[in-house]
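First comes the structure, then the notes that go with it.
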Amino acid sequence: MSKIDRCKLYVITGETYHPNRGLLEVMESAILGGADLVQLRDKDAPARELLEKARALRELTRRYGVPLIVNDHPEVALAADADGVHLGQEDAPIAAARELLGPDRLIGISTHSIEQARAAERAGADYIGVGPVFPTATKPGRTAVTTSFVAEAAAEIRIPFFAIGGIHPGNAAEVLAAGAKRLCAVSAVVGNPDPGAVCREMRSLIERSERAASPEDAAVRERAKEVTVNGVLRTTEAGTLLELAAEFGLADKNAVAEHNGEVARKAYWPFLPLKDGDRIEFVHFVGGG
């Protein structure tokens, strides 16, 4: 398994989102929270300043055993001894970057359609970004590709891909349910006062999605079961808390749930399997009250 195969949560720098905190402080918090791939992205920094940042991040990421990617600039990635470069569709071709960086460094590229994803795979990219899934300030003017492109990539693309663009703990479950196994975030992490906490929550969602896809959990979901809902015993074939909520017309409503005595955040509903004997309490808020 290559180092990119092992990565699940990709965090990209965005210093405009944390003007009162240092770059290394924010990225260390993200790494401690579970970010296992880091990208230096700074469209405005002069080359010398970008290299200084890359070298500082290289020292930090090496300390934690996390790969470092440099956005746009293969020569900076090489000079800083980074693990690779991330290219845009308008940047240098993958072949040119490969010639400079050699066979061992990673090359990723942003893709905005299944055609671009196929081309990147054919050209030898090690991974791709799929997005922006949702509208995002980091890609102004770029039309969101929605989760439909995520589903296309999951069905067809064989190299690792990271869903990116407007993803945060509140909508990550939707992206994972569409077939993503890896997530990438910028503002949701680095713009938060506690980047580590956001990373922990997103890692938890990824791990829950992985467990939900396991054969053992699939077998549990397929069996009919008896659960108690708001004090009433009910037989259901719902496999997850989200599916049970849908039976009550609450999947897209302003509702909260308690699962066996513990509050279950709505972001976790798609991945929370139901089992015989579970006790569920739903509360539906109407009109804000």
Practice task
Scan region 16-35 for residues that are closer than 28 Å to GLU90 by Cβ and touching a Lys or Arg at 6+ places or on another chain (Cβ under 9 Å) and report the count.
Solution key: 2
Exercise for the section: Only residues in region 227-245 that are more than 13 Å from GLY277 (Cα to Cα) and of a type in the set (Val, Ile, Thr) count as the first member; pair them with residues that are open to solvent by less than 80 Å² (accessible area, probe 1.4 Å) and assigned to a loop (DSSP other than H, G, I, E, B), Cβ under 6 angstrom, at least 6 apart or cross-chain, and list the lot. Expected result: THR240/LEU272
Problem - Failed item in (1) part of a loop (DSSP other than H, G, I, E, B); (2) small (Gly, Ala, Ser); (3) closer than 25 Å to ARG200 by Cα, with ALA54 passing the rest - result: (1)
Practice task
Identify, by number, the condition in (1) free of Cβ contacts under 8 Å to residues at least 12 places away in the same chain; (2) open to solvent by less than 60 Å² (accessible area, probe 1.4 Å); (3) under 28 Å from ALA188 (Cβ atoms) that GLY102 doesn't meet.
Solution key: (3)
Exercise for the section: May I ask you to list the residues in region 158-191 that are open to solvent by 20 Å² or more (accessible area, probe 1.4 Å), in contact (Cβ under 8 Å) with a residue 40 or more places away in the chain and under 20 Å from ASP126 (Cβ atoms)? Expected result: ILE164, LYS181, ARG182
Fill in the blank from the handout: Per the filter on region 246-277, residues touching a strand residue (DSSP E or B) at 6+ places or on another chain (Cβ under 8 Å) and within 21 Å of GLU210 (Cβ to Cβ) are HIS259, ALA264, LYS266, TRP269, PRO270, PHE271, LEU272, PRO273, LEU274, LYS275
Fill in the blank from the handout: Taking region 57-67 and keeping only residues that are touching a residue at least 24 places away in the same chain (Cβ under 8 Å) and part of a helix (DSSP H, G or I), one is left with LEU57, ARG58, LEU60, THR61, TYR64
Handout entry: Any chance VAL70 is open to solvent by less than 60 Å² (accessible area, probe 1.4 Å), assigned to a loop (DSSP other than H, G, I, E, B), assigned by TED's automatic domain parsing to the domain that holds ARG200 and under 19 Å from VAL189 (Cβ atoms)
Key = no
Completion exercise
Within region 10-51, residues farther than 23 Å from PRO140 by Cα, open to solvent by less than 70 Å² (accessible area, probe 1.4 Å) and outside any helix (DSSP H, G or I) come out as ARG21, GLY22, GLY34, ALA35, ASP36, LEU37
Exercise for the section: Return yes or no: is GLN116 under 24 Å from the mean Cα position of the chain (by Cα), open to solvent by 40 Å² or more (accessible area, probe 1.4 Å) and modelled with pLDDT of 95 or more? Expected result: yes
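The values are calculated or read from the model by the stated rules, or taken from the named source; none is laboratory data. Everything numeric here is computed off the predicted structure, so don't read it as measured data. All Cβ positions, even for glycine, are placed from backbone atoms using ideal geometry, and neighbour counts span all protein chains on display. Heads up: the accessible areas ignore ligands, DNA and RNA and are worked out on the full protein's heavy atoms, side chains in. Shrake-Rupley method; radii C 1.70, N 1.55, O 1.52, S 1.80 Å.
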